[in-house]
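Encoded as structure tokens, the structure appears first; notes follow it.
The values are calculated or read from the model by the stated rules, or taken from the named source; none is laboratory data. Please read all numbers here as calculations on a predicted model, not as lab measurements. Remember, those area values only see protein heavy atoms, side chains included, never the ligands or the DNA or RNA. Shrake-Rupley method; radii C 1.70, N 1.55, O 1.52, S 1.80 Å.
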Amino acid sequence: MKKIFLLLAATTLIVSCAAKKEIKEDQTLLNGNWELANASFSKDLSKDFKEGLPTLTFESAENLTVYGYDGCNRINGKAVLKKNQEISFPTDFISTMMACNKVKSEDFKSSLTHVKSYELKNNVLILKSETGEMKFHKVTLNGNWYLDKIYVGKIKAADLYPYKKPFIKIDINQPVFSGNSACNAINGQLLMFQNTMKFNHITSTKMFCDGVNEKIFTDALEKVTHYKLEGTRLILLEKEKKIMELVQQYE
């Protein structure tokens with residue numbers, strides 16, 4: 001009888017530990033900074049959040065701490081994560097007390113309090129409730145960054161590259177980068193420290209593409225000395241001068 005009791009106790013402990021481990025792993029996946037990209041309560045986020053898009057940051061060192069920006073004020077609280085991708089947010093966030101006109105910050109916080117579950121795929125987080133959804137993009141240097149603006153002369157990036165956009169692929173765990181100059185594959189050494197960034201030893205395949213303006217892109221990369229990450233937009237600079245702006249693409 002004693003052996004049976006010990007066996008049942010051990011089994012219970014194993015199951016309990018497995019459940020805790022499962023939730024902890026889910027919390028780790030949520031860790032990081034997330035910027036609002038789409039919401040059921042807004043037809044135009046740029047108009048409804050003129051002071052900046054709302055963000056959420058998750059940290060799971062012990063409990064699932066969540067803090068961020070509601071489009072007007074800084075907010076802070078604790079989220080509760082359960083099995084089957086269920087999640088809940090506090091009904092009352094700790095918040096600063098700034099006053100903002102014509103900003104849907106209350107709609108954002110109200111939507112958070114009604115969230116029941118989440119879906120996570122390829123750096124896209126969807127928070128779901130009975131009243132709608134909110135989609136967030138992860139703010140991170142890792143991933144493919146596609147050229148959106150380039151400050152070389154007066155020609156727009158869309159006119160320089162009408163058929164295929166140049167891009168760079170960054171993995172902050174590796175001292176290299178790769179990408180495409182709108183025709184040829186490129187790669188080289190990526191050096192980063194704090195807010196500095198250097199693209200060194202850029203090499204390229206040798207395919208011939210007429211009128212693609214590849215050199216404009218690679219020459220601009222060689223001038224980069226610093227970077228800024230503004231939400232899901234990567235700004236590359238030569239000291240304080242903007243050279244180009246890149247955006248990530250999500251599914």
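Observations
- When residues in region 161-178 are screened for being open to solvent by 10 Å² or more (accessible area, probe 1.4 Å) and assigned to a strand (DSSP E or B), 4 of them pass.
- Strands (runs of 3 or more DSSP E) contained entirely in region 24-112, each with at least 1 residues that are open to solvent by 30 Å² or more (accessible area, probe 1.4 Å), at pLDDT 95 or above and at positive phi: none
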